[in-house]
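The values are calculated or read from the model by the stated rules, or taken from the named source; none is laboratory data. These figures come from a predicted structure and were not determined experimentally. Note that each Cβ is placed from the backbone with ideal geometry, even for glycine, and that neighbours are counted across all protein chains shown.
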Amino acid sequence: MKNIIGLFTLILVTGCASAQAPSYQLYLTKKGLGQQTPQNFQHCHGYGCKYIADAQFSEKDWKDMDKLFKHVKNPEAEREAIKQAIAVFEQKVGNQTGTHVDHYGTFRKIGHYQLDCVDESTNTTIYLSLLKQKGLLRHHRVESPNARFPIIHAGRWPHQTAVISELEGGDFYVVDSWFHDNGEPAEIVDLKQWKEGWKPDRADETDESL
């Protein structure tokens with residue numbers, strides 16, 4: 001029994017996840033992140049928010065974002081727009097911070113400009129909060145990041161993701177960009193399905209972090 005507890009403790013310490021906070025605002029505060037505004041916000045990279053860079057969005061950037069949500073009329077369409085919005089954020093912010101080189105997963109490549117799932121989920125949570133501030137999220141609420149763990153849930157390693165909840169139905173969905181290289185659309189799936197070990201079919205099975 002002690003060996004199992006010890007192994008699980010090691011996984012929690014070395015894995016890509018952290019404890020869930022009561023709100024995304026408290027989560028960001030605990031990460032040492034200040035007030036995020038649509039014009040000026042922060043960006044994590046280097047694994048576990050080791051490095052925090054400043055990023056900016058211009059009026060033109062937000063006009064590009066507005067186009068993605070222009071014809072959204074229901075929660076399903078809004079989730080599709082969110083997928084694309086995360087890609088746009090990553091492309092624009094990646095060019096500002098040098099994280100455009102980020103590869104998917106955790107162990108494929110390491111370095112100053114790589115992101116693990118804590119970085120990815122933190123950044124995505126910030127992006128979602130900015131979309132909310134701009135009035136572009138009309139069907140969803142931004143939640144605190146959530147995590148799954150081996151033994152308790154599924155998967156080979158702990159994993160953390162950003163989360164939204166649907167205002168109408170109350171269902172929770174993950175917004176997970178960790179499965180793809182920088183600048184690609186995020187994956188959005190039901191939280192319960194994700195907890196059971198979900199990953200996209202295209203994921204490289206040779207990557208032990210997936």
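A few notes on this one:
- When the range 180-210 is limited to residues that are among the hydrophobic types (A, V, I, L, M, F, W, C) and modelled with pLDDT of 95 or more, the one that is surrounded by the fewest Cβ atoms within 10 Å (Cβ to Cβ) turns out to be V189.
- The range 114-138, subset charged (D, E, K, R) and under 19 Å from G183 (Cβ atoms), residue surrounded by the most Cβ atoms within 10 Å (Cβ to Cβ): E120
- Condition broken by N146, with the remaining ones in (1) modelled with pLDDT of 95 or more; (2) within 14 Å of the chain's Cα centre (by Cα); (3) crowded, with 24+ Cβ neighbours inside 10 Å satisfied: (3)
- A single entry from A81, A87, A21 fulfils the requirement of being touching an Asp or Glu at 6+ places or on another chain (Cβ under 6 Å) and either of a type in the set (A, V, I, L, M, F, W, C) or closer than 17 Å to G183 by Cα (or both): A87.
- E90 vs. criteria of a type in the set (D, E), within 14 Å of the chain's Cα centre (by Cα) and in a helix (DSSP H, G or I): yes
- Residues that are over 17 Å from I126 (Cβ atoms) and under 21 Å from the mean Cα position of the chain (by Cα) within the range 69-83 comprise F69, P75, E76, A77, E78, R79, E80, A81, listed in sequence order.
- Taking the criterion of being farther than 16 Å from Q133 by Cβ, of a type in the set (G, A, S) and in a strand (DSSP E or B), the only residue of the range 44-70 that qualifies is A53.
Yes/no per residue for (1) of a type in the set (F, W, Y); (2) surrounded by 16 or more Cβ atoms within 10 Å (Cβ to Cβ):
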residue	(1), (2)
G34	no, no
F41	yes, yes
C44	no, yes
Q56	no, no
K63	no, no
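- The range 156-173, subset closer than 17 Å to D116 by Cα and surrounded by fewer than 21 Cβ atoms within 10 Å (Cβ to Cβ), residue modelled with the highest pLDDT: W157
- Within the range 79-103, the set of residues being within 21 Å of I164 (Cβ to Cβ) and either of a type in the set (V, I, T) or at pLDDT below 95 (or both) comprises I82, I86, V88, V93.
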